[in-house]
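This report concerns only the one structure given below.
The values are calculated or read from the model by the stated rules, or taken from the named source; none is laboratory data. The shown structure was predicted, so the numbers you read here are calculated from the model rather than taken from an experiment. Cβ coordinates were reconstructed from backbone atoms using ideal geometry, including for glycine residues, and neighbour counts include every protein chain displayed. Heavy atoms of the whole protein, side chains included, go into the accessibility calculation; ligands, DNA and RNA do not. Shrake-Rupley method; radii C 1.70, N 1.55, O 1.52, S 1.80 Å.
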Amino acid sequence: MDQKLIIPKHIAFIMDGNGRWAQARGLPRSAGHKAGLDRIQTVLGECYNKGVEIVSVFAWSTENWSRPHREVNYIMRALEKHLPHLVKSLHKKNVRFVHTGSLDRLSTQAQDVLGWANNHTRNNGPFIFNLAFNYGGRDEIVHAVRMLLSQKVPIDSITEAMIDKHLYASGLPDVDLLIRSGGEKRISNFMLWQIATAHIYFTDTFWPDMGEREIHEAFKSFNEGEHCRTNPCT
């Protein structure tokens, strides 16, 4: 990679295209989700090796519960079965795991796995892997507002910093670069608060095929955006 490129501190990925990747190969959608899960570790390695400190991935939306029951069950079982292996690998590399999202509707086993992952890696750093699971951007903001109301915070004293403190992703800096795979050009209710000033990069590449080349292209696009911030582009 060109050493002159500015490296974003916090990258967020919308991991889209697992199902279509599988269908294009005549495979069941579950095979695409498995390939997508395996790809996470590859992408994390690429990002951390290039100096990115925080990587957030959108794994399961609050809207995804409307998907076919069989697919929902597969995703839940995959979380319970495979997340411990991923977290143990991250722990060896001193990466801290963070879960962003609600625990509502998750099985007791899924809640236990996420809690264990948070606690097992809580002293690691500076690299962070943020898994957005059972997450929705609007839900996150509503949650923060409800927390403030429950504390009877005077309306006139509410600030952006106070809302930020009560978000699921509290403590994480704003996203610098949002990357969406799979060809769709939407943000799909992902980290709405945190991407307020983020550079957004869309690629047709399906998530299971995401690799160094696409990340490099996203970094180049990010740098072009950073250049235009300080040097007005025509």
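Miscellaneous remarks
- Pairwise centroid distance, computed over Cα atoms, of region 104-125 with region 32-57, Å: 19
- Only one residue of Ile195, Ala144, Gly183 has its Cα farthest out toward the positive end of the dipole of region 97-197, where Lys and Arg carry +1 and Asp and Glu -1 on Cβ, and that residue is Gly183.
- Portion, in percent, of the accessible area of region 1-110 that falls on carbon or sulfur, probe 1.4 Å: 49
- Solvent-accessible area per residue in the chain equals 52 Å², computed with a 1.4 angstrom probe and all protein chains kept.
- The phi torsions of region 200-206, fed into the Karplus equation with coefficients 6.51, -1.76 and 1.60 and a -60° offset, translate into couplings of 10, 10, 10, 9, 6, 4, 6 Hz, rounded to whole numbers, with Gly and Pro shown as x.
- Equivalent ellipsoid dimensions for region 48-180 as semi-axes, Å, which come from the Cα gyration tensor, largest first: 26, 21, 14
- Rounded to the nearest 20, the size of the Cβ-charge dipole of the chain about its Cα centre is 640 debye, with Lys and Arg at +1 and Asp and Glu at -1.
- Near the amide H of Tyr201, within less than 5 Å, lie the amide hydrogens of Leu178, Ile179, Arg180, all on another chain or at least 5 residues away, with H placed in the peptide plane.
- As a length-normalised measure over Cα pairs under 8 Å and 6 or more apart, the relative contact order of region 1-147 settles at 27 percent.
- Debye intensity ratio in log₁₀ form over the Cα atoms of region 121-234, taken at each q of 0.15, 0.16, 0.21, 0.22 Å⁻¹: -0.85, -0.93, -1.24, -1.29
- Per-residue ³J(HN,Hα) for region 105-114, Karplus 6.51 cos²θ - 1.76 cosθ + 1.60, θ = phi - 60°, Hz, x for Gly and Pro: 6, 7, 5, 4, 5, 5, 4, 5, 5, 5
- Once the convex hull of all Cα atoms in the chain is built, its volume per residue stands at 145 Å³.
- Mean residue ellipticity, 222 nm, helices only, the chain: the sum of -39500 (n - 2.57) across DSSP H runs of n ≥ 4, divided by residue count and rounded to 500, is -14500 deg cm²/dmol.
- The amide H of Ser56, built 1.01 Å from its N in the peptide plane, has Ile11, Ala12, Phe13, Asn130 as neighbours under 5 Å, considering only residues 5 or more places off or on other chains.
- Here's how it looks for Leu192: its modeled amide H is under 5 Å from those of Gly137, which are all 5 or more places away or on a different chain.
- Unit charges on C-beta of K, R, D, E only; dipole of region 149-210, Debye: 180
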